[in-house]
Amino acid sequence: MAGLEGVEQPRRHKGATAARWSPAVEDERALRALESRGSPADAEVRLPSRPESAGTARRLAQVVILRQWGLSPKMAEDVVLLVSELVGNAVRHTGARVFGLRMRRRRGWIRIEVRDPSRGLPCLMPVQEMDLGGRGLFLVDTLADRWGVDLWPRGKTTWFEMRVADR
């Protein structure tokens, strides 16, 4: 998963099952992240450009999707995965000290943005079955309804949008 390089993964022990992220389970750390950082649905949340910030960004996205916007656990799972990929790219490839996360909702759509100070464009690479890396934008391209990059005088915003059913 993007943004988790160098982070030790849980080891499987005989007879034990590995803990798996579940969007349906209340995540106290997600609520604490929302309290301390603010909601990316209200304003851009700036996070340090470190691998562990991917976890914070995932938690913030989870809380916004499930609690603030009341969307489905499946939508939360997809958004969390794609946020992780965009954050991983910002952390790994931009050399930035911080990046910004912003989430927006309008009728029928949600939009998630990751802003960084680099003007280097992300590149959608062809993916082979046995590739161990380089799948981030492939996943974004596959799961999102649309995605793109907005260049600014000082950096860029990489974003994706997904359709949602309005109640």
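The values are calculated or read from the model by the stated rules, or taken from the named source; none is laboratory data. Being a predicted model, the structure only gives us computed values, none of them experimental. All Cβ positions, even for glycine, are placed from backbone atoms using ideal geometry, and neighbour counts span all protein chains on display. Ligands, DNA and RNA are excluded from the accessible area calculation, which covers all protein heavy atoms including side chains. Shrake-Rupley method; radii C 1.70, N 1.55, O 1.52, S 1.80 Å.
Report yes if VAL63 is out of contact with any Gly (no Cβ under 6 Å at 6 or more places or on another chain), within 18 Å of TRP109 (Cα to Cα), open to solvent by less than 30 Å² (accessible area, probe 1.4 Å) and at pLDDT below 95, otherwise no.
yes
Looking only at the stretch 142-165, filter to residues that are in a strand (DSSP E or B) and hydroxyl-bearing (Ser, Thr, Tyr); which one of those is farthest from the chain's Cα centre (by Cα)?
This residue is THR157.
Only residues that are charged (D, E, K, R) and either buried (at least 24 other Cβ atoms within 10 Å of the Cβ) or at positive phi (or both): list them for the stretch 86-123, please. Give the steps one after another, and end with the answer.
So in the stretch 86-123, the residues charged (D, E, K, R) come out as 92, 97, 102, 104-107, 111, 113, 115-116, 119.
Hit for the stretch 86-123 is ASP116, nothing else.
Let me confirm something: among LEU71, LEU81, which residue is open to solvent by less than 60 Å² (accessible area, probe 1.4 Å), aliphatic (A, V, I, L, M), over 12 Å from the mean Cα position of the chain (by Cα) and closer than 19 Å to LEU34 by Cα?
Sole residue among the options that is open to solvent by less than 60 Å² (accessible area, probe 1.4 Å), aliphatic (A, V, I, L, M), over 12 Å from the mean Cα position of the chain (by Cα) and closer than 19 Å to LEU34 by Cα: LEU71.
Based on this model, can you work out whether ARG32 counts as at pLDDT below 95, under 24 Å from GLY136 (Cα atoms) and either of a type outside the set (Lys, Arg) or open to solvent by 10 Å² or more (accessible area, probe 1.4 Å) (or both)?
no
Could you pull out the residue among PRO23, PRO10 that is part of a loop (DSSP other than H, G, I, E, B), open to solvent by less than 30 Å² (accessible area, probe 1.4 Å) and at pLDDT below 50?
Numbers: PRO10 fails: open to solvent by less than 30 Å² (accessible area, probe 1.4 Å).
Criteria check complete, one pass: PRO23.
Any chance you could count how many residues in the stretch 40-70 are more than 23 Å from ALA96 (Cα to Cα) and assigned to a helix (DSSP H, G or I)?
Result for the stretch 40-70: 7.
Per-residue answers, yes or no, for (1) modelled with pLDDT under 90; (2) more than 19 Å from the chain's Cα centre (by Cα); (3) in a helix (DSSP H, G or I); (4) polar (S, T, N, Q):
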| site | (1), (2), (3), (4) |
| --- | --- |
| LEU101 | no, no, no, no |
| ARG104 | no, no, no, no |
| ILE110 | no, no, no, no |
| GLU113 | no, no, no, no |
| SER118 | no, no, no, yes |
| LEU124 | yes, no, no, no |
| GLU129 | yes, yes, no, no |
| GLY134 | yes, no, no, no |
